[in-house]
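Participant: Input: one structure, supplied below.
The values are calculated or read from the model by the stated rules, or taken from the named source; none is laboratory data. Just so it is clear, the model here is predicted, and its values are computed rather than measured. Glycine also receives a Cβ, built like all others from the backbone with ideal geometry; neighbour counts cover every protein chain displayed. Heads up: the accessible areas ignore ligands, DNA and RNA and are worked out on the full protein's heavy atoms, side chains in. Shrake-Rupley method; radii C 1.70, N 1.55, O 1.52, S 1.80 Å.
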Amino acid sequence: MTTATKYDRRMYAIMNDRAAAPMYATATRRRAVIGAHVLLTAVGFAAWALTIFGDARWPLFAMLAVLPLWVVATGVINGATRGLLELRRRMLDERQLAERDRVHAVAHRITGLLLLLVAVGAGAAGWIGGVQVEGVVVPVLFAALAVHLLTPLWVAGLRIQDDPAED
């Protein structure tokens, strides 16, 4: 077994700091944070896409306004999961490793289904609706990548159980 490095111990301490626990103490609060994270991700991505693929520059400022809120929401979800997806393998016990594998499996199935739906929708829009889908391929691929990378975090946050009540 590999010993923990200074970085590992510091990340473990950060991920297990209970200072923000009231923000994710209940399932309802965790769902609200994950919902806000999904919304902030969508707004930030839309602003980014408008900045990169459009002519307007104002979305850049919208993206910069959303970014700090997104970072805080990400931190809250990571705190709720106690770093399940962020800590190195050597810092997790067998139960946490099994849960991380389950989270990745569920997230993989979700993103696979979403990609299938997007592919069928794009094909139908091009074939039936006569829509030129070539212009939206790159933004859709970036959106799919973002969803693929963030779905494990959202699934982990939704799967976390409430801490047991103290006696």
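Participant: Step by step: first the residues of the range 88-113, then only those that are out of contact with any helix residue (DSSP H, G or I) (no Cβ under 6 Å at 6 or more places or on another chain) and surrounded by 15 or more Cβ atoms within 10 Å (Cβ to Cβ), then the one that is farthest from ASP8 (Cα to Cα). Which residue is that?
Facilitator: Per the stated criteria, the residue is GLU99.
Participant: If you don't mind, another one. For the range 127-136, state whether one or more residues are in a loop (DSSP other than H, G, I, E, B), within 24 Å of TRP48 (Cβ to Cβ), open to solvent by 90 Å² or more (accessible area, probe 1.4 Å) and out of contact with any helix residue (DSSP H, G or I) (no Cβ under 7 Å at 6 or more places or on another chain).
Facilitator: Going residue by residue through the range 127-136, those that are in a loop (DSSP other than H, G, I, E, B) are 128-132.
Narrowing the set further to residues that are within 24 Å of TRP48 (Cβ to Cβ) leaves 131-132.
Adding the requirement that they be open to solvent by 90 Å² or more (accessible area, probe 1.4 Å) leaves 132.
Going one step further and asking which of them are out of contact with any helix residue (DSSP H, G or I) (no Cβ under 7 Å at 6 or more places or on another chain), we end up with 132.
Scanning the range 127-136, I find at least one residue that is in a loop (DSSP other than H, G, I, E, B), within 24 Å of TRP48 (Cβ to Cβ), open to solvent by 90 Å² or more (accessible area, probe 1.4 Å) and out of contact with any helix residue (DSSP H, G or I) (no Cβ under 7 Å at 6 or more places or on another chain), so the answer is yes.
Participant: Right, something else. Within the range 7-16, does at least one residue satisfy the condition of being loosely packed, with under 15 Cβ neighbours inside 10 Å, within 17 Å of MET91 (Cβ to Cβ) and charged (D, E, K, R)? Give the derivation first.
Facilitator: The initial filter retains those residues of the range 7-16 that are loosely packed, with under 15 Cβ neighbours inside 10 Å, namely 7, 9-10, 13-14, 16.
Checking the rest, the ones that are also within 17 Å of MET91 (Cβ to Cβ) come to 7, 9-10, 13-14, 16.
Applying the additional criterion that residues be charged (D, E, K, R) yields 9-10.
Yes, because at least one residue in the range 7-16 is loosely packed, with under 15 Cβ neighbours inside 10 Å, within 17 Å of MET91 (Cβ to Cβ) and charged (D, E, K, R).
Participant: In addition: Quick test for you: out of ALA25, ALA4, ALA49, pick the one residue that is at pLDDT below 95, of a type in the set (A, V, I, L, M), open to solvent by less than 40 Å² (accessible area, probe 1.4 Å) and not in a helix (DSSP H, G or I). I'd like the intermediate steps shown before the answer.
Facilitator: Values: ALA25 fails: open to solvent by less than 40 Å² (accessible area, probe 1.4 Å); ALA49 fails: not in a helix (DSSP H, G or I).
When all the criteria are applied, what remains is ALA4.
Participant: Let me ask you something else. What number of residues within the range 52-77 are open to solvent by less than 70 Å² (accessible area, probe 1.4 Å), closer than 30 Å to ASP101 by Cβ and out of contact with any helix residue (DSSP H, G or I) (no Cβ under 6 Å at 6 or more places or on another chain)?
Facilitator: Total meeting the criteria: 2.
Participant: Return yes when THR74 is more than 17 Å from the chain's Cα centre (by Cα), hydroxyl-bearing (Ser, Thr, Tyr) and under 30 Å from VAL138 (Cβ atoms) and no when it is not. Give the steps one after another, and end with the answer.
Facilitator: Numbers: more than 17 Å from the chain's Cα centre (by Cα): no; hydroxyl-bearing (Ser, Thr, Tyr): yes; under 30 Å from VAL138 (Cβ atoms): yes.
Spelling it out, it is not the case that THR74 is more than 17 Å from the chain's Cα centre (by Cα), hydroxyl-bearing (Ser, Thr, Tyr) and under 30 Å from VAL138 (Cβ atoms).
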